[in-house]
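Q: I'd like to ask you about the structure that follows.
The values are calculated or read from the model by the stated rules, or taken from the named source; none is laboratory data. If you're wondering where the values come from, they're calculated on a predicted model, not measured in any experiment. Because the Cβ atoms are built from the backbone with ideal geometry, glycine has one as well, and the counts that use them run over all protein chains shown.
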Amino acid sequence: MIRTLRGRTTFWNVLVVATALTLFAVLLYTWLARTLYAHHDEDLQEDARRLIAIASGTPDPIATLESVEQQGTVTSYVMVRDSDGEVLSRSERLTKVEPDIGAHEVLAHAAMTGATYPQFFTVQLARGPVRFTCIPLPSPDGTYLQLGRPLGDVGMMLDAIILASAVLIPVVIVVTSFGGFLIAKRALRPIDVIANALESIQATDLSRRVDPHAPDVEVKRLTSSVNQLLDRLNTSFTTMKEFTADVSHQLQTPLTIMKGTIESARRSQPVERPDALSVLSDEVDALTATLQDLRDLALADADSAVSREQSVNVSAVFSEAAELVEALAEAHGVSCDIDIEPGLQMWGNAVRLRQVLLNLGENAVKFTPSGGRIRVTARRSNDRIVASVSDSGSGIVADLLPHVFDRHVHGRTTSAQSGSGLGLALVKRIVEAHGGKVVIESHPGAGTTALVSFPIAGTTANSYQSPRLADYSSNRDTA
């Protein structure tokens, strides 16, 4: 089954051309055959009228016909048969070239039908096809005059048409299929342009539009509809981000008041129900962190898109974030190795890039037991900046590994699943807003490695190739 519009267009074009050519060849053959046969039939009918006129009124019409044929005034083959199909007379030429003509079934049957009007038919004789007519004679009663004229080149001409059609039609179909494919490709090129433009438009930057200056009215209408849809999507997306940011911001104030009230209550009542107040305090902290993550997630795209034209010293930003991760790791009894290549530069938002490494580092520390080890690296690889965070922690459940970037998903095998579950979703959003890619590889009980790749300053996201963890195995924790 042909799945592409280009292929279907080419197929139907070839099918229509093939049908038209075949129909043309059949009609041409039919028309030419009738025209050539009609010419011979007119000559035969003229000879027949002349011979019947000469033989009419004579005592012996058959003998008269023989004498006329012997005089050479008639170029046709002359033969007289009775109603039983028996030959009563035939010309000397016919006797010489076709001695067995008397037993010819078609000619005998034509005389035996008893037709009262002229009949025309083609008979294949030894020297080629001959066009015959069978006409009843006025006298003697029950006799029929049969005149024949060789078709000559008529058969060859008709055969040549069949041969030419059999050869030329396939050639024309092949040429037409190639031409139809090129025409379909050229006609559908604006659709490919629109598709490529839409594929390059991400949710992080819905301000881009499809070029409306198309040469065709239909394509202009399509691009206009697509751009209107993008306008509505951009408006909805912006409204959603603003709403999320506003709600997160507005809820911070009552949560702060609740936190202060709970802490005040804990201090004033240190003995009575301290556990309940501690649980409430922890839950308020968790809710505050979740709202902060939601706010960061909503603002990440806008901040990155606005600040993407700024050159960022990634080495300095990642080093600062790595030092914070190292301090957090020491507090949890986890060792931290840092290896960041100096002089790394890229376009982007320094605050959001710092947040990427912090979130990945915090996850690694959180899910690495005391005595474990994490490793933070960043270096240049061709035209990319590649950063990795590896840990020797509990790993991620295999079934959940494809969903770790989904919101509110906890994939670690440990029971400690504190947090909002938005950290990796935020990382993915910030990385993609910077034209980068993040991948994670993990096995339960064997640790986890997160790999982030960005284009360096001076390159574009179009040169991006998906990073593979196997290419950076030196960054992984082997402890």
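Q: So for the stretch 70-84 (the condition being basic (Lys, Arg) and out of contact with any Phe, Trp or Tyr (no Cβ under 6 Å at 6 or more places or on another chain)), does at least one residue qualify?
A: At the first step, the residues of the stretch 70-84 found to be basic (Lys, Arg) are 81.
With out of contact with any Phe, Trp or Tyr (no Cβ under 6 Å at 6 or more places or on another chain) added as a condition, the list becomes none.
No, the conditions are met nowhere in the stretch 70-84.
Q: Only one of (1) in a helix (DSSP H, G or I); (2) within 55 Å of the chain's Cα centre (by Cα); (3) without any contact (Cβ under 8 Å) to a residue 60 or more places away in the chain is not met by Arg3, so which one is it?
A: Tallying (1) in a helix (DSSP H, G or I); (2) within 55 Å of the chain's Cα centre (by Cα); (3) without any contact (Cβ under 8 Å) to a residue 60 or more places away in the chain, Arg3 fails exactly one: (1).
Q: Another question, then. Yes or no: the stretch 17-37 includes at least one residue that is among the β-branched types (Val, Ile, Thr) and in contact (Cβ under 8 Å) with a residue 60 or more places away in the chain. Write out each step before concluding.
A: The initial filter retains those residues of the stretch 17-37 that are among the β-branched types (Val, Ile, Thr), namely 17, 19, 22, 26, 30, 35.
In the following step, the residues that additionally are in contact (Cβ under 8 Å) with a residue 60 or more places away in the chain were identified as 17, 22.
Looking for residues that are among the β-branched types (Val, Ile, Thr) and in contact (Cβ under 8 Å) with a residue 60 or more places away in the chain, one finds at least one in the stretch 17-37, hence yes.
Q: (1) at pLDDT below 70; (2) over 22 Å from Lys428 (Cβ atoms); (3) not β-branched (Val, Ile, Thr): which one isn't true of Arg308, the others all being true?
A: Answer for Arg308: the failing condition is (2).
Q: Can you name every residue in the stretch 221-250 that is at pLDDT 70 or above and in contact with a Lys or Arg (Cβ under 9 Å, 6 or more places away or on another chain)?
A: Residues satisfying the conditions are Thr223, Val226, Asn227, Leu230, Asp231.
Q: Any chance you could count how many residues in the stretch 16-38 are surrounded by 12 or more Cβ atoms within 10 Å (Cβ to Cβ) and either over 13 Å from Ser165 (Cβ atoms) or of a type in the set (S, T, N, Q) (or both)?
A: 6
Q: Would you confirm, using the coordinates I've provided, whether Thr449 is farther than 20 Å from Gln310 by Cα, at pLDDT 90 or above, polar (S, T, N, Q) and in the same structural domain as Gln355 (by TED's automatic domain parsing)?
A: Details: farther than 20 Å from Gln310 by Cα: yes; at pLDDT 90 or above: yes; polar (S, T, N, Q): yes; in the same structural domain as Gln355 (by TED's automatic domain parsing): yes.
In short, yes.
Q: Shifting gears a bit: All but one of (1) among the basic types (Lys, Arg); (2) at pLDDT below 70; (3) within 25 Å of the chain's Cα centre (by Cα) hold for Arg186, so report the exception by its number.
A: (2)
Q: Does Gly148 satisfy the condition of being closer than 21 Å to Asp43 by Cα and over 60 Å from the mean Cα position of the chain (by Cα)?
A: Yes.
Q: Quick check, is Ser418 surrounded by fewer than 17 Cβ atoms within 10 Å (Cβ to Cβ) and either closer than 23 Å to Ala329 by Cβ or at pLDDT 85 or above (or both)? Full working, then the answer.
A: Working: surrounded by fewer than 17 Cβ atoms within 10 Å (Cβ to Cβ): yes; either closer than 23 Å to Ala329 by Cβ or at pLDDT 85 or above (or both): yes.
Considered against the rule, which asks whether it is surrounded by fewer than 17 Cβ atoms within 10 Å (Cβ to Cβ) and either closer than 23 Å to Ala329 by Cβ or at pLDDT 85 or above (or both), Ser418 comes out as yes.
Q: Checking the structure you have, find out if any residue of the stretch 162-185 is over 30 Å from Phe11 (Cα atoms) and basic (Lys, Arg). So that I can check it myself, show each step before the final result.
A: Narrowing the stretch 162-185 to residues over 30 Å from Phe11 (Cα atoms): none.
No, the conditions are met nowhere in the stretch 162-185.
Q: Taking Ser388 and the conditions (1) under 39 Å from the mean Cα position of the chain (by Cα); (2) farther than 19 Å from Ala446 by Cβ; (3) not hydrophobic (A, V, I, L, M, F, W, C), which numbered condition does it fall short on, given that it satisfies the others?
A: In the conditions (1) under 39 Å from the mean Cα position of the chain (by Cα); (2) farther than 19 Å from Ala446 by Cβ; (3) not hydrophobic (A, V, I, L, M, F, W, C), Ser388 misses (2) alone.
Q: Name the strands (runs of 3 or more DSSP E) wholly inside the stretch 310-359 in which the number of residues that are hydrophobic (A, V, I, L, M, F, W, C) is 3 or more.
A: Because the criterion is at least 3 residues that are hydrophobic (A, V, I, L, M, F, W, C), the strands (runs of 3 or more DSSP E) in the stretch 310-359 that meet it are 335-340.
Q: Another one. Regarding the stretch 353-367, can at least one residue be identified that is over 45 Å from the mean Cα position of the chain (by Cα) and crowded, with 16+ Cβ neighbours inside 10 Å?
A: Kept after step one, since they are over 45 Å from the mean Cα position of the chain (by Cα), are these residues of the stretch 353-367: 365-366.
Adding the requirement that they be crowded, with 16+ Cβ neighbours inside 10 Å leaves 365-366.
Yes - at least one qualifying residue is present in the stretch 353-367.
Q: Same structure, new question: Give the residue that is surrounded by the most Cβ atoms within 10 Å (Cβ to Cβ), with candidates limited to residues of the stretch 368-388 that are closer than 25 Å to Gln310 by Cβ and of a type in the set (D, E, K, R).
A: Applying the first criterion (closer than 25 Å to Gln310 by Cβ) to the stretch 368-388 yields 376-388.
Then drop every residue that is not of a type in the set (D, E, K, R), which leaves 379-380, 383-384.
Working: Arg379: 18, Arg380: 15, Asp383: 13, Arg384: 20.
Filtering the stretch 368-388 for residues that are closer than 25 Å to Gln310 by Cβ and of a type in the set (D, E, K, R), the one surrounded by the most Cβ atoms within 10 Å (Cβ to Cβ) comes out as Arg384.
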